[in-house]
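A quick write-up on the structure given underneath.
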There are 2 protein chains.
Amino acid sequence: MAHDAQLVKGTVRLMILRLLESEPMYGYQMIQHLRDRSEGYFQLGEGALYPLLHELEASGFLASRWVAVEERPQSRKYYSLEAKGEQELARRRDEWKGFARALDLILEASRA
Amino acid sequence: MAHDAQLVKGTVRLMILRLLESEPMYGYQMIQHLRDRSEGYFQLGEGALYPLLHELEASGFLASRWVAVEERPQSRKYYSLEAKGEQELARRRDEWKGFARALDLILEASRA
DNA sequence: GCGGTATGCCTCAGTGTCTAAGGTATTATT
DNA sequence: AATAATACCTTAGACACTGAGGCATACCGC
């Protein structure tokens, strides 16, 4: 709605970057972690995730590598956070804080 | 992204309903209040506001009345919160809290 | 007198994010 | 034999917001 209008929509970006800050993960795993860590709140669809991961990698925020798993036929594509991605994470985190704070100013609004 | 995927996009709705909880206001005034109360953070565009007000009124959340102002040529369209709008406000407020809480769970994530 | 800024309402094409559904392939369960 | 789970992928459509436009009046500076 203004300078960072995309902020709130792009919250998934922030969450993905945050997850990868802890450890490298593959897509399917991210969906589960988001669901579990948010106590079932975030049910991210694959259609929202995969294109986003590709974009983040193309932007140089993430790197990926394929890892075969013996007992499974389907390889996993692990993503990890690049230095540029860490900066992006910090930026997005600050934006989120700013937004949440501003909204609280509106909601609480002690004065009339 | 899930049950209330529209939540975060529809944050403007929440803010408008909140503003009108305090007192009836007209569109142009809402834009200024949002800007001032958020310390300049929210710069809502008219293109986002007016259609939304029409929709909220059509949904029965708001009521409007035109008020002429002597020293000004342009009449003001004052909106006020209906009973149904108060319920909607409560609902949206709870949704917002749930979302912000869930996101914090992801961001803080004390465990690995 | 003329452009810029402010007030105050309005609309609409375009952008970007997400949803919902589809696809491929294998294994385990019912 | 069908369903769910794992694991990757794509794409049409919905939806909220941006940015620009329009209309009308008043004031300010040059």
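The values are calculated or read from the model by the stated rules, or taken from the named source; none is laboratory data. Keep in mind that what you see is a predicted model, and the values were worked out from it rather than measured. So basically every Cβ, Gly included, is an ideal-geometry build from the backbone, and we count neighbours across all protein chains shown.
Looking across region B:54-64, the residues that are surrounded by 19 or more Cβ atoms within 10 Å (Cβ to Cβ) and within 13 Å of DNA strand C (Cβ to nearest atom) come down to B:Leu56, B:Leu62.
When each of B:Glu46, B:Glu39 is tested for being within 11 Å of DNA strand D (Cβ to nearest atom) and surrounded by fewer than 18 Cβ atoms within 10 Å (Cβ to Cβ), the lone residue that passes is B:Glu46. Taking the criterion of being loosely packed, with under 12 Cβ neighbours inside 10 Å and within 21 Å of B:Ser22 (Cα to Cα), the residues of region B:66-86 that qualify are B:Trp66, B:Val67, B:Ala83. Just one of the numbered conditions (1) away from chain B (no Cβ under 11 Å); (2) over 18 Å from B:Asp104 (Cβ atoms); (3) under 15 Å from the mean Cα position of the chain (by Cα); (4) of a type in the set (D, E, K, R) is not true of A:Glu23: (1).
The listed residues are B:Leu34, B:Leu49, and the only one of them that is within 14 Å of chain A (Cβ to nearest Cβ), near DNA strand C (Cβ under 9 Å from one of its atoms) and under 29 Å from A:Thr11 (Cα atoms) turns out to be B:Leu49. Note on region B:57-97: residues that are within 24 Å of A:Thr11 (Cβ to Cβ) and without any contact (Cβ under 8 Å) to a residue 60 or more places away in the chain amount to 4.
If you take the residues of region B:48-82 that are hydrophobic (A, V, I, L, M, F, W, C) and in a loop (DSSP other than H, G, I, E, B), which of them is modelled with the lowest pLDDT?
Applying the first criterion (hydrophobic (A, V, I, L, M, F, W, C)) to region B:48-82 yields B:48-49, B:52-53, B:56, B:58, B:61-63, B:66-69, B:81.
Checking the rest, the ones that are also in a loop (DSSP other than H, G, I, E, B) come to B:61, B:68-69.
Details: B:Phe61: 98, B:Ala68: 91, B:Val69: 86.
Only one residue fits best here, namely B:Val69.
Checking each residue of region B:15-23 against the condition of being outside any helix (DSSP H, G or I) and within 15 Å of DNA strand C (Cβ to nearest atom) gives at least one match.
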